[in-house]
1. Could you state the angle between the C-alpha long axis of helix 105-115 and the longest principal axis of the C-alpha atoms of the chain, as a value from 0 to 90 degrees rounded to the nearest 10?
2. I need the semi-axes of the equivalent ellipsoid of the chain: take the C-alpha gyration tensor, multiply each eigenvalue by 5, square-root it, list largest first in whole angstrom.
3. Given Cα pairs under 8 Å that are at least 6 residues apart, what percent is the relative contact order of the chain?
4. Please say if region 1-78 is rounded, prolate or oblate, where rounded means a/c under 1.5 for a ≥ b ≥ c the square roots of the C-alpha gyration tensor eigenvalues, and otherwise the choice is prolate for a/b larger than b/c and oblate otherwise?
5. Shape verdict for region 19-63, please, from the Cα gyration tensor: rounded (a/c under 1.5), prolate (a/b greater than b/c) or oblate.
6. Work out how much length residue 8 to residue 81 would gain on full extension: take 0.36 nm times their residue separation and subtract the Cα-Cα distance, in nm to one decimal.
7. Out of all DSSP beta bridges in region 88-141, what portion is antiparallel? Express it as a percent rounded to 5.
8. Compute the distance in nm between two label points, each set 7 Å from the Cα along the Cα-to-Cβ direction, one at residue 117 and one at residue 139.
Ligand code: PRP
C-alpha cells in the first residue's frame with residue numbers, strides 16, 4: 001500500500017537539538033566510564049551515529065539485529081536474534097540505542113538477552129517512544145520524543161524506503 005502523503009513531525013533541527021541534550025546527559029551520567037553503545041539494526045544506525053559524535057566520553061560501539069515475525073505493521077512478540085554483539089559486555093556499562101519503541105517486544109527480548117551476559121549496568125536510549133502502543137513493559141532511561149502514527153525518516157523505514165531522510169515524517173494512508 002502506498003501512502004497518500006507524508007507530513008513532517010520532527011525537523012532535522014529539532015532532532016539535532018534533542019540528540020545534543022541526550023548526549024550531554026549521558027556524558028554527565030557516565031563521567032569517568034567507557035560505556036558500550038549497542039545499536040539495534042537497522043533503524044537505529046543514524047541516531048547512534050549522531051549520538052556517539054556528541055557524547056564527550058570514550059565509547060565502544062556494537063550492533064545487534066533482531067527480527068519480529070508477523071505482519072509488517074505490528075509485532076507478534078516473537079523475536080529472533082539475527083546478529084548478536086561481537087565482544088563481551090560482562091562488567092561493562094551498556095546503553096542500548098533504539099530508534100523507536102512501539103510494542104516493546106524487541107527491547108524486552110534484547111534486554112533479557114543482554115542481562116544474561118552480566119553487564120555492570122544496562123540502560124536504554126530511544127529517540128522516539130510510542131507509549132500508547134506498548135504491549136510489554138520496558139523501562140526507557142533516555143527518551144527523545146513521544147510521537148504517534150506511522151513514522152519514517154532518520155533511520156525509520158516503510159518497506160525499506162525513506163530511511164535516509166534527515167527529518168521524521170508521518171505517513172498518511
Ligand atoms: C523497528 C524499530 C524497533 C522495533 C520496535 O524495527 O527499529 O527496533 O521495530 O518495535 P517493537 O517495540 O514493536 O518491538 P524493524 O523491525 O522495523 O526493523 P528495522 O529497524 O530494520 O527497520
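1. Around 10 degrees separate the two axes.
2. Semi-axes from the Cα gyration tensor: 26, 20, 13 Å.
3. 26
4. Oblate.
5. oblate
6. Fully extending the segment from residue 8 to residue 81 adds 23.1 nm.
7. Taking every DSSP beta bridge with both residues in region 88-141, the antiparallel ones total about 0 percent.
8. 2.0
None of the figures in this text is laboratory data; all of them are computed from the coordinates on show. Predicted, not measured: the structure shown is a model, and the values here were computed from it. Note that we place each Cβ from the backbone using ideal geometry, even for glycine, and neighbour counts take in every protein chain shown.
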